[in-house]
1. I'd like to check one number: the per residue accessible area of the chain, probe 1.4 Å, reported in Å² as a whole number.
2. Among residues other than Asn46 whose Cβ falls under 9 Å from its Cβ, what is the net charge (Lys/Arg +1, Asp/Glu -1)?
3. Give me the extension gain from Phe37 to Arg117: residue separation times 0.36 nm, minus the current Cα-Cα distance, reported in nm with one decimal.
4. Ratio of Rg to Rh for the stretch 91-141, alpha carbon only, Kirkwood?
5. If you average the sequence gap of Cα pairs under 8 Å that are 6 or more apart and divide by the length of the chain, what percent do you get for the contact order?
6. Relative to the present Cα-Cα distance, how much length would full extension add between Arg93 and Ser53 at 0.36 nm per residue of separation?
7. Report, to two decimal places, the Cα Rg of the chain normalised by 2.2 N^0.38 Å (N = number of residues).
8. May I ask you to derive the FRET efficiency for Arg136 and Asp16 from their Cβ-Cβ distance with R0 = 22 Å, giving the value to the nearest 0.05?
Amino acid sequence: MKTAQLECATGVFASDNISARVEMTDGAVLKFEHLGFNAFSSNATNIVVAEASGLMTRVASCGGVAAANFHREAPLGHYLRPTLIDTKEAVSRYRELLEVVEFWPQCPQYYEVQNRRGARFHYCAKKPGAPEEPPRPADCP
């Protein structure tokens, strides 16, 4: 890893409000969101990759549009084998994350996935500043 830059409002607490930009020695850059208590160790539930390969990850659900969570239990966790345990592992396997995001269609085109509860998600990647977002699934109330 070449550099790491952390951003937080006023302090670091046990919440998930921290963002980080990680630059690797080969020039690759990953931006993570929702870092904190739920992003590290075997108890992690968040591996939110906001940007990779210069593309922003976007996931639309009935709850709204946000960055992609690649945790093993998240709907997009199936992309990586073996699945990711926490953010530390995601940084060490950053090349795999870059490949996945580069493979995604460019918004507003999207892929669709369904989680274990049957909820559907649309996901795509977009260039920073681009206005396109994936549409919410049709079965939303």
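1. Working: 7920 Å² over 141 residues.
So the chain comes to 56 Å² accessible per residue, rounded to a whole number.
2. Details: positive: none; negative: Asp16, Glu33, Asp86.
Net charge in that neighbourhood comes out at -3.
3. So the extension gain works out to 26.3 nm.
4. Values: Rg = 12.9 Å, Rh = 12.4 Å.
We get a ratio of 1.04 for the stretch 91-141.
5. Numbers: 306 pairs, mean separation 27.0, N = 141.
It comes to 19 percent, rounded to a whole number.
6. Details: separation 40, 0.36 × 40 = 14.40 nm, distance 1.38 nm.
Gain on extension, Arg93 to Ser53, equals 13.0 nm.
7. Values: Rg = 14.6 Å, N = 141, 2.2 N^0.38 = 14.4 Å.
My calculation over the Cα atoms of the chain gives 1.01.
8. Working: r = 23 Å, r/R0 = 1.05.
FRET efficiency, Arg136 to Asp16: 0.40.
The values are calculated or read from the model by the stated rules, or taken from the named source; none is laboratory data. Model, not experiment: these values are computed from the prediction. Backbone-built Cβ (ideal geometry, glycine too); neighbour counts: all protein chains shown. These area figures cover heavy atoms from the full protein model, side chains too; ligands, DNA and RNA do not enter into them. Shrake-Rupley method; radii C 1.70, N 1.55, O 1.52, S 1.80 Å.
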